[in-house]
Amino acid sequence: MIGYVGFTIIVPFLTFSWIRTLEISGIELGLTQQGYNNIIFWVIAFGLLISGCAFFTYSAPKQSIRKGVFALIQIILNCMYLWSYKFSGATAVEFEITLYDGFVTINLEQMVLVYMGIYFLTIAIKIYDLVDFTINRDKIRQKRWGRE
Amino acid sequence: MRAARVFRWTVRIFILFLTGTMTAVSVLGGLSAVQILSNPANIQIADDPVVFQFNSTQPEKTNVSVPFYLNNDGYYSLNGLNIGINITLVYNSTSEEAFIFRKNQTFPDIPAGSFLDSNFEALNGDGFIPGNFPESFDDPNIELWFNISVSARYSLDLLSFSVNINNLNLWSDTLY
């Protein structure tokens, strides 16, 4: 869970805070205040949900339906977290050029979409796990409690 | 259960491979950006003179040439480099505006570890709109404003960036 808090909240927060003001080749670039606030809001909101879900996923018994359900919810939240980068404006990070009337835009949409593709596969395997845990519930319980 | 376990592990290893690959691409892309941008020598307007020759009576003798140097010090090829320049003529007395030049130029891809020493060129009236030319470019009543855009793709084309500078007056603004 601490890992999820680190990767979904702390690392993005520090990264966006660090790039809020950049200096490249003597030219100062600044992330717009509104853009920064939007990004940080969505990153922290979904980061907290994912971290909370991770607690229930990892505290549930192995191969249990509860674990499968929370793992699936967690992955869907991960997708929404990634997608939040898109609708918070973080996939097209815009920096103002302080010295001139201008801006720099970095578009990460393709990268986010590839990650979404990978998460789609992860969702597929989590659904498969959930179905498997449900169908083989008795066998799993017998194995867990050491009964044949 | 055994077949299910084999299937699950096969898919998991595949997903792990994809996630690892993407993470490596992201990290190397970030490192590349730091390597390229941390050294000012990697992006330069070259020492050759920047040419802006305007001729209102003979538009075919109007030329723009901006030499530049780009060193791709990163891990991936820089693709689709495109530079665009628009020049707007502004009459100070009436605040009337007219485009007199508009051109986009695409440059070859710059593979990792190599450089591009090239020119943004519009020679012999190329890209100019002579119909909007003033009677004389020496008229103190006019100003020329430049809009400059640079765009390219990086990290296996997974990210793209663009730089836009608007309303730059080359005669009064200092460009780094």
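The values are calculated or read from the model by the stated rules, or taken from the named source; none is laboratory data. Note that the coordinates shown come from a computational prediction; the quantities given were computed from them, not determined experimentally. With ideal geometry, Cβ positions are generated from the backbone for all residues, glycine too; neighbour counts draw on all protein chains shown. With ligands, DNA and RNA removed, areas are computed over all heavy atoms of the protein, side chains included. Shrake-Rupley method; radii C 1.70, N 1.55, O 1.52, S 1.80 Å.
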Range of Cα positions in the protein assembly as shown per principal axis (Å), largest first: 98, 36, 34
Drop in accessible area of at least 10 Å² in the complex versus isolated chain, residues of segment B:137-170, 1.4 Å probe: B:Asp157, B:Leu158, B:Leu159, B:Ser160, B:Phe161, B:Ser162, B:Val163, B:Asn164, B:Ile165, B:Asn166, B:Asn167, B:Leu168
In degrees, nearest ten, helix B:2-38 long axis to first principal axis of chain B (Cα): 30
Accessible area of chain B divided out per residue, in Å², using a probe of 1.4 angstrom: 56
Translational diffusion coefficient (Stokes-Einstein; Kirkwood radius from C-alpha pairs) of chain B at 4 °C, 1.567 mPa s, in µm²/s: 67
Translational diffusion coefficient (Stokes-Einstein; Kirkwood radius from C-alpha pairs) of chain A at 37 °C, 0.692 mPa s, in µm²/s: 188
Structure-based [θ]222 nm, chain A - -39500 (n - 2.57) summed over DSSP H runs of at least 4, per residue, nearest 500: -22000 deg cm²/dmol
Sequence-separation-based contact order of segment B:33-176, relative, with Cα cut under 8 Å and 6+ spacing, percent: 26
With every protein chain in place, segment B:85-176: carbon and sulfur % of accessible area (1.4 Å): 48
Computed FRET value (nearest 0.05) for A:Leu113 with B:Asn82, which takes r as the C-beta separation and R₀ as 30 Å: 0.85
Cα centroid of segment B:9-68 to Cα centroid of segment A:2-18, whole Å: 27
Sequence ranges A:2-14, B:143-155, ranked by mean other-Cβ count within 10 angstrom, highest first: B:143-155, A:2-14
